[in-house]
Amino acid sequence: MAAPSLSQEGRENQREEWSLEDFEIGKLIGAGKFGKVYLAREKESGFIVALKIIFKEKLDKYQYHNHLRREIEIQGSLEHPNVLRLYAWFHDETRICLVLEYAAGRELYKLLQDLKCFSEKRASTYIASLTKALAYLHEKQVIHRDIKPENLLLDSEGRLKIADFGWAVQSSAKRHTMCGTIDYLAPEMVEKKAHDYAVDNWTLGVLCYEFLYGVPPFEEEDQGNTFRRIMKVDLKFPATPYISTEAKDLISKLLVKDSSQRLSLQKILEHPWILKHADPSGSCNAMV
Ligand code: N15
């Protein structure tokens, strides 16, 4: 379904176009450091959205204005079936409101918790969708850098949506900043070295492993041990569950220390495991 009344018609105008009055606010569906996310309905069209309400006071406290502006600029310019849309934004005296796409399915990490691990069909379908989303983002000079199950949502048809751009940066050159939790981070990130697009390819390898085995590959109680295992690329494939050789081949070609030697996004989409199992429509029934 399209969102005609929320379409992007010159972002400059959106400040005047929308206000909280235009929405019926429903249940709380998410909460973060800076604000809360509600299910909401645009009164005139009946269109369902996720409305994120951020208090300016909180932004002041954490000096977060520039960060938010950059995120809005990035996310507002993106339009891809596997990237959660930002339809519009507006603000009043005290609040900034983001009108985001509502993903009616489930949060992917909860689905993974319930199922323990995914079938090769489900895992490969999600990895293919993520790869397509990342190819689009990289084309737009965006390195996501914080892909993890917590940032992935499913829509009503079971299609995956990348939903959080909390750490995304628009990159022209290699960056030196450190961020995020370490399980999903490439060696060059945990070492705080310069990094580029290939950090997202590494993360695809981590996610592919976690989807199939139920735990990320370098998980340890102690972060120091995780760090050492990432640096050594200490990759082990347990005997159970049974996982195909092709899946392990793909994971092994993504979890490569030398970032220039990791499989490219295009090659991931052409990999035998993806070709054999992934649903081309990107849909996977999440109502389990
Ligand atoms: C500045 C902005 C443009 C980028 C900042 N990042 C975000 O605003 C990303 N963000 C997305 N923050 C919150 C959300 C968000 C959108 C959170 C939850 C949902 C959402 N759309 N749909 C959901 C959602 N659907 C659910 C279904 C079942 C259970 C929980 C659900 N949450």
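Which whole-number value in Å³ per residue fits the convex hull of the alpha carbons of the chain?
Spelled out: Cα convex hull of the chain, divided by residues, is 139 Å³.
Modelling each spin label as a point 7 Å along the Cα-to-Cβ direction, I'd like the ARG95/SER252 distance in nm, to one decimal.
5.4
At R0 = 45 Å, how high is the FRET efficiency between SER19 and TYR109 if r is their beta carbon distance? Nearest 0.05 is fine.
Using R0 = 45 Å, I get an efficiency of 0.85.
Out of residues 5 or more away from TYR102 or on other chains, whose amide H comes under 5 Å of its own, with H placed 1.01 Å from N in the peptide plane?
HN-HN under 5 Å from TYR102: ALA50.
By how many nm would the segment from THR181 to TYR64 lengthen if fully extended, with 0.36 nm per residue of separation less the alpha-carbon distance?
Length gained between THR181 and TYR64: 40.1 nm.
Restricting to DSSP loop positions (anything but H, G, I, E, B) with no more than 16 other Cβ atoms inside 10 Å of their own Cβ, which trypsin sites (Lys or Arg not before Pro) remain in region 225-288?
Here the sparse-neighbourhood loop sites are LYS236, LYS257.
Quick one: how many Å² of THR181 are accessible to a 1.4 Å probe, rounded to 10?
That residue has around 70 Å² of solvent-accessible surface.
When Lys and Arg each count +1 and Asp and Glu each count -1, what net charge do the other residues less than 11 Å away from ILE243, Cβ to Cβ, add up to?
Taking every Cβ under 11 Å from that of ILE243, the sum is -2.
If the limit is 19 Å between Cα atoms, which of LYS232/LYS257; LYS110/LYS267; LYS56/LYS148 go over it?
Over 19 Å apart, Cα to Cα: LYS110/LYS267; LYS56/LYS148.
Give, in nm to one decimal, the length gained when the segment between GLN261 and GLU157 is fully stretched (0.36 nm per residue of separation minus the Cα-Cα distance).
The span from GLN261 to GLU157 would gain 33.9 nm if fully extended.
Where is the GNM fluctuation largest for the chain (alpha-carbon springs, 10 angstrom cutoff): PRO216, PRO272, PRO241?
PRO241
Could you tell me what percent of the accessible area of region 8-101 is made up of carbon and sulfur, with a 1.4 Å probe and every protein chain present?
45
The values are calculated or read from the model by the stated rules, or taken from the named source; none is laboratory data. Since we're looking at a predicted model, the values are computed, not measured. Note that each Cβ is placed from the backbone with ideal geometry, even for glycine, and that neighbours are counted across all protein chains shown. Heavy atoms of the whole protein, side chains included, go into the accessibility calculation; ligands, DNA and RNA do not. Shrake-Rupley method; radii C 1.70, N 1.55, O 1.52, S 1.80 Å.
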